[in-house]
Amino acid sequence: VLSPASFRGGRVTAPLDLVGIGIGPANLALAALADGVPALRAAFFEQRSEFRWHPGLMIEGTTLQVPFLADLVSLVEPTSPWSFLAFLKQRRRLFPFYFAERLRVDRAEYDTYCRWVSHQLSSCRFGHHVDTVAWDRAAGMFAVDYTTGTEDDRRCHARNIVLGIGTAPVVPEPLRHLVEDPWAPVLHSADYLAHRAPLRSSGDVTVVGSGQSGAEVFLDLLRSRPEGQEGLRWLARTPAFAPMEHSKLGLEQFTPDYMRYFFRLPETVRDRLLPAQWQLYKGISAETIADIHDELYRRSLEGCWPDVRLQPATEVVAADLVDGRVALDVAHVQQGGRARTLTDAVVLATGYAERPLDGLVDLPLARDRAGRPLVDADHRLVLDPPLAGSVFVQNAERHTHGVGAPDLGLIAWRAAVILNTVCDRAVYELPARTAFTTFGLEAGAYQPSPRTTTTSGGAP
Ligand SMILES: Cc1cc2nc3c(=O)[nH]c(=O)nc-3n(C[C@H](O)[C@H](O)[C@H](O)COP(=O)(O)OP(=O)(O)OC[C@H]3O[C@@H](n4cnc5c(N)ncnc54)[C@H](O)[C@@H]3O)c2cc1C
């Protein structure tokens, strides 16, 4: 993607058509689809030293929640050299994969596959932390300032920016001071594996949060504890340990058709809809629920109940250290009562939130009524006043594009939409229809938008 003239001595010298910030799956999909596009000069900067996908939760045996076809490219271009099947071919593992009959591959394998792609794309630059993106009036382009840790601060210029900076762990306010205290045994599940050994040997552990991460951490700890002395507690604010929606028509809410429909809804309707759809992205996979129940059932065969407490509808309202233990004050969401629990360690599986753009992006962002950045149909931030270049977002537009924004099944599609917009032509042909369901009274088919630097509109 980058001609040798664009990189000199590791530095980006010539102005670029596209700079991607962050190399998670979203921007890696874009880098993979951009590879080989004639005359397109693109570079992608990632602060980590190499590709890593949620390393703190890479628990053995955990799988993707989507079929392997949701790799970086296949749902747009299955013949790409960067497909998951191309990876298996290169590793000479196609026959074992064929006999394994696995639609959902291990997370560890997905991580290895993405790293394999990232190693081969010359546009991917690791160990590059981007500090700011601003408009350089004199150059008529975006200026991207970044640090590499080895040399002076650096700057490059680009006509288009794609922010793929992902999400950051969310810590509930009552527990924040304990997570920030290096001596308190309270951590976010994003750091689980680094603390797994001490957690396994802790006397009593509490997991907070009823999503997939909470379930996986609870199961992993349960399997490691002696029968009858499990000493485990699992608290959740939700009314039940509920399964993730996984019906075939329900999943059509993760299609481009639904994304377009959601985008056209008024802001107030979108804001009402998103929390109501929590089971599409916050529930637990049916397999993990079954594995937990099987493990508990096996432990009860001799007639004793395992020493575990699974308690939904319970919120942690205050927390503190008491004699080296963690005191959790909990409130029951339905009964209204309160109780105090002492535990030896706490794992917060309390989710993630989009990383804020402020601080990184020094640009005139148009905002909606709630102060969130406006994003147009092609995933561009709306700038007011408009500039002669575009800033796209990947996975920062749930409020405008719906539950599909973080979903791996849509990353190839969204990357292709962005590429088509940047290149002002259909580099990748995208189907006009992707769901059997008709969302809304008039189906909104996909049409590549004409190139425009005045990003008018944004979701209404
Ligand atoms: C444990 C876990 C499992 C998941 N499993 C699934 C699944 O099975 N199916 C599914 O559909 N979704 C899944 N998701 C949701 C979603 O797909 C993932 O969160 C996915 O990683 C999102 O990709 P991303 O590229 O947007 O962000 P990320 O993967 O978070 O990558 C963002 C990258 O940007 C880098 N970065 C941030 N700021 C800067 C900066 N200033 N300069 C340089 N680099 C920067 C970060 O270091 C990071 O590497 C899962 C999420 C989690 C947490």
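Each value in this text was obtained by applying a stated rule to the coordinates, not by laboratory testing. Just so we're clear, the structure is a prediction, and the values are computed from it rather than from any experiment. No Cβ is skipped: glycine too gets one built from the backbone with ideal geometry, and neighbour counts run over all protein chains shown.
Arrange GLU46, GLU77 by Cβ neighbour counts within 10 Å, fewest through most, would you?
GLU77, GLU46
Tell me, how many Å apart are the Cα centres for the range 172-231 and for the range 17-89?
Spelled out, the Cα-based centre of one part sits 30 Å from the other.
Over the range 13-154, consider all pairs of different Cα atoms and compute the Kirkwood hydrodynamic radius from their mean reciprocal separation; express it in Å, one decimal.
Its Kirkwood hydrodynamic radius stands at 16.6 Å.
Kindly provide the trypsin sites (Lys or Arg not before Pro) of the range 398-443 that DSSP labels as loop, not H, G, I, E or B, and whose Cβ sees at most 13 other Cβ atoms within 10 Å.
Those satisfying the criteria are ARG425, ARG433.
Roughly how many whole Å is it from the C-alpha centroid of the range 311-376 to that of the range 277-296?
One Cα centre to the other: 21 Å.
In the range 315-369, which trypsin sites (Lys or Arg not before Pro) are in a loop and have at most 13 other Cβ atoms within 10 Å, using DSSP for the loop call?
Taking the range 315-369 and a limit of 13 other Cβ atoms within 10 Å, the loop trypsin sites (Lys or Arg not before Pro) found are ARG369.
Spelling out what I want: for every residue of the range 413-429, take phi, set θ = phi - 60°, compute 6.51 cos²θ - 1.76 cosθ + 1.60 (Karplus), and round to whole Hz; glycine and proline get x.
4, 4, 4, 5, 4, 5, 4, 4, 5, 4, 8, 6, 6, 7, 4, 10, 6
Report, for the range 1-143, the % of DSSP beta bridges that are antiparallel, rounded to 5.
45 percent
What is the set of long-range amide H partners of VAL391 at a cut-off below 5 Å, with H atoms built 1.01 Å from backbone N?
Residues meeting the amide H criterion: ILE161, LEU381.
Find which of LEU360, ALA331, GLN90 sits farthest along the positive direction of the dipole of the chain, computed with +1 on the beta-carbon of Lys and Arg, -1 on that of Asp and Glu, about the Cα centre.
GLN90
So what are the ³J(HN,Hα) numbers for the range 360-377, from phi and the Karplus equation (6.51, -1.76, 1.60; θ = phi - 60°), rounded to whole Hz, Gly and Pro as x?
In residue order, the calculated couplings are 8, 10, 9, 9, x, 7, 6, 10, 8, 4, 8, x, 8, x, 6, 10, 8, 4 Hz.
With θ taken as phi - 60° and the coefficients 6.51, -1.76 and 1.60, list the Karplus ³J(HN,Hα) couplings across the range 119-129 in order, rounded to whole Hz; mark glycine and proline as x.
With coefficients 6.51, -1.76 and 1.60, one gets 5, 9, 8, 5, 6, 8, 10, 9, x, 10, 9 Hz.
Mind putting a number on the dipole of the range 152-304 about its Cα centre? Charges go on the C-beta only, +1 for Lys and Arg and -1 for Asp and Glu, and I need it in Debye to the nearest 20. Don't jump to the answer; show the numbers that get you there.
Working: 18 positive and 21 negative charges, 103 e Å.
So the magnitude is around 500 debye.
Quick check on the exposure proxy: order HIS293, HIS195 from fewest to most C-beta atoms within 10 angstrom.
Starting with the residue having the fewest Cβ neighbours, the order is HIS293, HIS195.
GLY324: net charge of surrounding residues, Cβ under 14 Å, Lys/Arg +1, Asp/Glu -1, itself excluded?
In short, -4.
For the residues LEU251, LEU221, what sequence is obtained by ranking on other C-beta atoms within 10 Å, fewest first? All intermediate terms of the calculation are to be shown ahead of the outcome.
On the way: LEU251 16, LEU221 23.
Taking fewest neighbouring Cβ atoms as first place, the list is LEU251, LEU221.
Could you work out the helix-only [θ] at 222 nm for the chain, with each DSSP H run of four or more residues adding -39,500 (n - 2.57) and the total divided by the number of residues, to the nearest 500 deg cm²/dmol?
My calculation for the chain gives -7000 deg cm²/dmol from helical runs alone.
So who's got an amide H within less than 5 Å of the one on THR350, skipping anything under 5 residues away but keeping other chains? H placed 1.01 Å off N, in plane.
SER189
Which GluC sites (Glu not before Pro) in the range 300-401 sit in a loop by DSSP (not H, G, I, E or B) and have at most 14 other Cβ atoms within 10 Å of their own Cβ?
Passing both the DSSP loop test and the Cβ count: GLU302.
Rounded to the nearest 20 Debye, what is the dipole magnitude of the chain about its Cα centre when Lys and Arg each give +1 and Asp and Glu each give -1 at the C-beta?
Taking the Cα centre of the chain as origin, the dipole is about 800 debye.
Give me the one-decimal Kirkwood hydrodynamic radius in Å for the chain, with the sum taken over alpha-carbon pairs.
Radius from the Kirkwood sum: 23.8 Å.
Which residues' amide hydrogens lie under 5 Å from the amide hydrogen of SER74, considering only partners 5 or more residues apart or on another chain, with H built in the peptide plane?
Amide H to amide H, under 5 Å and 5 or more residues apart or across chains, SER74 pairs with PHE84.
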